[in-house]
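Novice: Please read through the structure below; I'll follow up with questions.
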2 protein chains.
Amino acid sequence: MSTLEKLSSIKRPSLHEELTDRLRTMIIEGVLEADEKVPERELCEKLGVSRTPMREALKVLAADGLLTLQPNRGARVRAITLNELEEVFPLMGALEALAGELACKNVTEKQLQVVRKNHKAMLACFKASDMPGYFRYNQLIHEAILNAAGNQTLTTTYLSLAVRVRRARYLANMSQQRWQAAVDEHEVILSALEARDANKLSAILKQHLENKFATVRQWVLSQQNKPCQQGES
Amino acid sequence: MSTLEKLSSIKRPSLHEELTDRLRTMIIEGVLEADEKVPERELCEKLGVSRTPMREALKVLAADGLLTLQPNRGARVRAITLNELEEVFPLMGALEALAGELACKNVTEKQLQVVRKNHKAMLACFKASDMPGYFRYNQLIHEAILNAAGNQTLTTTYLSLAVRVRRARYLANMSQQRWQAAVDEHEVILSALEARDANKLSAILKQHLENKFATVRQWVLSQQNKPCQQGES
DNA sequence: TAATTTAATAATGAATGCATAATTCATTTT
DNA sequence: AAAATGAATTATGCATTCATTATTAAATTA
């Protein structure tokens, strides 16, 4: 029995769930480009599913704000506008600040170690100029802080907003100076968390976010200047 | 031509959208009770739709956190747990505070009048002991403040959280004293907004929310003590 | 009689089919 | 030739059907 206890139940995510995740990733990674029409039929064939689960997934992603559904005219990848970006920014700021506060209250030594580990790995990527790697660990750190806050609802809410501004492309826009600065900020973040200094952590997280948004904003602007460059096929 | 200009375009919401709204309302109003199984087939017949749009709606509501989907076992109305309530509370607090701040910055005289009008109507309902009416105007006021903040993303995010704790039933639990206090708080809210006093508004909104949550918390506790009272048919 | 197994029923997940609306392209008209 | 009309094509919304999984009921066994 003792070995049986440890067995985790087999999870068989339904097709629409898998599809939702898959499509979400495709949008985030830019495989499906902004403003592009989502070719329902074509996607179904490529992914080997029928239209039913595909349409269910599209509905969910639309509810998440990643797509827009035009009745009888299909789905489009929702482009983030400058206006929306300006809206999301203060919101995420408030949530980050809250996360910082809660994290300082609740973080365990074990969770702190996770942050430290990812921090180190992130630094290594920075030194190796490995931007994708950097980005991955960066994300893990922020998720770990959310985790430490111990508020699942906060995490979910934050992530659903973060996804909207997390279109991979803008990374190319980050300058070397900005990158260095971001790394420096992360040093402060780590030390504030280690010191459980809620005010400091909240402040630096907000500052960090603000700087990040400056980069994103630049990218969005550059996108708007070269519009309708759709279809690379 | 001049009359044609004023015509608003015909919107024909798709079935699944209507269904989503309808079901959401049913959940909020307690027609579908917490932990109850959602009778897919039965609902389809009652509402005169096929399973396809119904299932699309269920997926969306599940993504919204109002339902849980158990693979091959259908959907259930997600009961709000005490734990989740404790999580939602600080989150909504942070968002209300932000809304108050932004509203003081951006509110127009016209928007202020809307708040005043609903405030008056709400008072009338209070005096008439019309709780449903009070609740409706109360909600309109809070929505008007969000509106005045001028941040659509904030509004959407806030409302999606608010829906989870907005199960009509707990209203019965509000005492006369608490009701009076809530009304008093609303007086302060209005005057703070009129004075564009961001700090004061943020503070009172947070306080107001905290008090409201005390009532909800009590209700959730009372629900947990008398479990499995499902099925009134 | 209680527990277990097996069969029957119902419900869900996903694919297909059909009707309608949108789009494209050819044709007509000015 | 440009604009407008109409037919053909395509895509979408929804209903239906089929296959699989859960649930219930019946039957068997201890």
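What follows draws every value from the coordinates through simple rules; no lab data is involved. In this text the structure is predicted, and so the values were computed from the model without any measurement. We place every Cβ from the backbone using ideal geometry, glycine too, and count neighbours over all the protein chains shown.
Novice: Using the crude model of +1 on Lys and Arg Cβ and -1 on Asp and Glu Cβ, and no other charge, please compute the dipole size for the protein assembly as shown relative to its Cα centre, in debye to 20. Present the calculation step by step, with values, prior to reporting the outcome.
Specialist: Numbers: 64 positive and 56 negative charges, 116 e Å.
Here the protein assembly as shown has a charge dipole of around 560 debye.
Novice: I've got another one for you. Rank B:LYS46, B:LYS120, B:LYS59 by mean-square fluctuation in a GNM of chain B with C-alpha springs under 10 angstrom and give only the top-ranked residue.
Specialist: The residue that fluctuates most here is B:LYS46.
Novice: Same structure again: Taking only C-alpha pairs under 8 Å that are 6+ residues apart, what is the relative contact order of region B:15-77 in percent? Walk me through the numbers before you get to the answer.
Specialist: Numbers: 61 pairs, mean separation 25.8, N = 63.
Relative contact order for region B:15-77 comes out at 41 percent.
Novice: Would you compute, from DSSP H runs of 4+ residues alone, the mean residue ellipticity of chain B at 222 nm, taking -39500 (n - 2.57) per run and dividing by the full residue count, rounded to the nearest 500?
Specialist: On the way: 10 runs with 163 residues, N = 233.
One gets -23500 deg cm²/dmol as the mean residue ellipticity at 222 nm.
Novice: Something else now. Determine the dipole magnitude for region A:15-77: charges of +1 sit on the beta-carbon of Lys and Arg, -1 on that of Asp and Glu, nothing else is charged, the reference point is the Cα centre, and the result goes in debye to the nearest 20. Working shown, then result.
Specialist: On the way: 10 positive and 12 negative charges, 57 e Å.
Computed about the Cα centre, the dipole is about 280 debye.
Novice: Starting from the 7 Å offset along Cα-to-Cβ, what nm value, one decimal, do you get for the label separation of A:SER14 and A:GLU36?
Specialist: Here the answer is 2.8 nm between the modelled labels.
Novice: Could you check the spin-label model distance between A:SER191 and A:GLU45? Points 7 Å from the Cα along Cα→Cβ, value in nm.
Specialist: According to this spin-label approximation, the distance is 5.9 nm.
Novice: Given the options B:SER14, B:SER202, B:SER175, state which has the largest fluctuation in a GNM of chain B using a 10 Å cut-off (strictly under) for Cα springs.
Specialist: Residue with maximal mean-square fluctuation among B:SER14, B:SER202, B:SER175: B:SER14.
Novice: Set Lys and Arg Cβ to +1 and Asp and Glu Cβ to -1, take the dipole of the protein assembly as shown about its Cα centre, and tell me which of A:ALA192, B:GLN70, A:GLN180 lies farthest positive.
Specialist: About the Cα centre, the residue reaching furthest to the positive side is B:GLN70.
Novice: Still on this structure, please answer the following. Straight-line reach from B:LYS200: which aspartates and glutamates fall under 20 Å, measuring Cα to Cα and dropping same-chain residues less than 8 apart?
Specialist: Output for B:LYS200: B:GLU96, B:GLU101, B:GLU109, B:GLU143, B:ASP184, B:GLU185, B:GLU187, B:GLU210.
Novice: Quote to one decimal, in nm, the extra length available between B:ARG169 and B:MET131 on full extension: 0.36 nm per residue of separation minus the C-alpha distance between them.
Specialist: Using 0.36 nm per residue and subtracting the Cα-Cα distance, I get 12.5 nm.
Novice: May I ask which of B:LYS110/B:LYS212; A:LYS46/B:LYS59; A:LYS59/B:LYS11; A:LYS105/A:LYS206; A:LYS120/A:LYS206; B:LYS105/B:LYS206 have a Cα-Cα span longer than 20 Å here? Walk me through the intermediate numbers first.
Specialist: Numbers: B:LYS110/B:LYS212 28 Å; A:LYS46/B:LYS59 23 Å; A:LYS59/B:LYS11 18 Å; A:LYS105/A:LYS206 18 Å; A:LYS120/A:LYS206 22 Å; B:LYS105/B:LYS206 18 Å.
Beyond 20 Å between Cα atoms: B:LYS110/B:LYS212; A:LYS46/B:LYS59; A:LYS120/A:LYS206.
Novice: Another question about this same structure. Can you tell me the dipole magnitude for region A:82-225 around its Cα centre, using point charges on the Cβ only (Lys, Arg +1; Asp, Glu -1), in Debye to the nearest 20?
Specialist: Details: 17 positive and 14 negative charges, 79 e Å.
Rounded to the nearest 20 debye, it is 380 debye.
Novice: To continue, here is another question. Sorted from shortest, what are the nm distances separating the label point of B:SER50 from equivalent points in the other copies, each placed 7 Å from Cα along Cα to C-beta?
Specialist: 1.1
Novice: Now for a different question. Do you know the relative contact order of chain B, to the nearest whole percent, from alpha carbon pairs under 8 angstrom that are 6+ apart?
Specialist: Numbers: 218 pairs, mean separation 54.8, N = 233.
This gives 24 percent for chain B.
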